[in-house]
Amino acid sequence: MVYLMAGADAPELAAVAVEAGADLVELGFPFSDPLADGPVVRRAAERALAAGMRTKACLECLERTAARVDVPLVPMTYASLLEAYGWERFAAHVRDAGASSLIVADLPVDERPEIRRVQLVAPTSTDARIALAARETDGWLYLVTVTGTTGIRDELSPALAPLVQRARALGDVPLYAGFGISTPAQAAAAAELADGVVVGSAALVAAEEGATTLGAFVGSLRAALDS
């Protein structure tokens, strides 16, 4: 799975990424204070907001993207955006626009249970929270591999293996690993442990260079995962 930021070029970038081998696209809805995100995602969010990507525009972008690709689309955003738009209204509108699920990065698992979403757990999560997240998650469980924000890192977090072990013992859902997975080698190593891999900041850096660079990068990830 790759992460892209909502924007005018997102539908084309998503189509290129899927053609190159991405089997799921996470689409960021920008927020002015993204607590879980590092500098690359923050920069992309700032550009998107400066270009006028508010909630309505993001929903339209999602709909255009859904028309271009045939893989699941999962918007990722923050609770304040849903609070302002209306919780159930937002959940309904993203589904209507083509989303298969939703990620709300700063919404605890035991709040707003009516909002079906992919839950996140981290190395610092207790066993009780992991078990609850596995029960409540929508389809798969997002494993945050580091204690900190998103971003490009030099090596795969050593916290991933024990987190996978705990999550498998406490639940029975597919596990996707993300945060800090930046290279084909890291993606392949993570995929040996988890059921899927999310590449965010490194994909955004490639996307900044254009569709061709993004396609080549996603192709290299796909080749590493399939080897």
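Structure notes:
- Residue pairs whose Cβ atoms lie under 8 Å apart, sitting 6 or more positions apart in sequence or on different chains, and linking a residue in the stretch 167-183 that is within 19 Å of D138 (Cα to Cα) to a partner that is basic (K, R) and not in a loop (DSSP other than H, G, I, E, B), are G171/R135; L175/R168.
- Among the residues of the stretch 1-44, the ones that are in a loop (DSSP other than H, G, I, E, B) and under 13 Å from the mean Cα position of the chain (by Cα) come to 9 in all.
- Summed over the stretch 179-222, residues that are within 17 Å of T145 (Cβ to Cβ), of a type outside the set (A, V, I, L, M, F, W, C) and surrounded by fewer than 24 Cβ atoms within 10 Å (Cβ to Cβ) total 6.
- Qualifying residue in the stretch 127-147 (condition: of a type in the set (G, A, S), touching a helix residue (DSSP H, G or I) at 6+ places or on another chain (Cβ under 8 Å) and under 25 Å from R43 (Cα atoms)): no
- Counted residues, the stretch 49-99 - those being buried (at least 17 other Cβ atoms within 10 Å of the Cβ), in a loop (DSSP other than H, G, I, E, B) and either of a type in the set (S, T, Y) or in contact with a Leu (Cβ under 9 Å, 6 or more places away or on another chain) (or both): 5
- Per-region count, the stretch 101-136, residues buried (at least 17 other Cβ atoms within 10 Å of the Cβ), under 18 Å from E26 (Cα atoms) and not charged (D, E, K, R): 10
- Residues within the stretch 25-44 that are surrounded by fewer than 19 Cβ atoms within 10 Å (Cβ to Cβ) and modelled with pLDDT of 95 or more, tallied: 0
- As a summary of the residue check, E111 satisfies the conditions (1) under 18 Å from the mean Cα position of the chain (by Cα); (2) assigned to a loop (DSSP other than H, G, I, E, B) except for the one numbered (1).
- Applying a threshold of 8 Å to beta carbon distances and a minimum spacing of six or more residues, or different chains, the list of pairs starting in the stretch 201-224 at a residue that is more than 15 Å from A185 (Cβ to Cβ) and ending at one that is in a helix (DSSP H, G or I) and not hydrophobic (A, V, I, L, M, F, W, C) reads A206/T213; A207/T213; A211/E12; G215/E19.
- For the stretch 70-80, the condition of being farther than 25 Å from V144 by Cα and under 18 Å from the mean Cα position of the chain (by Cα) holds for at least one residue.
The values are calculated or read from the model by the stated rules, or taken from the named source; none is laboratory data. Keep in mind it's a predicted model, so treat the numbers as computed, not measured. In this analysis, Cβ positions are derived from the backbone assuming ideal geometry, glycine residues included, and neighbour counts consider all displayed protein chains.
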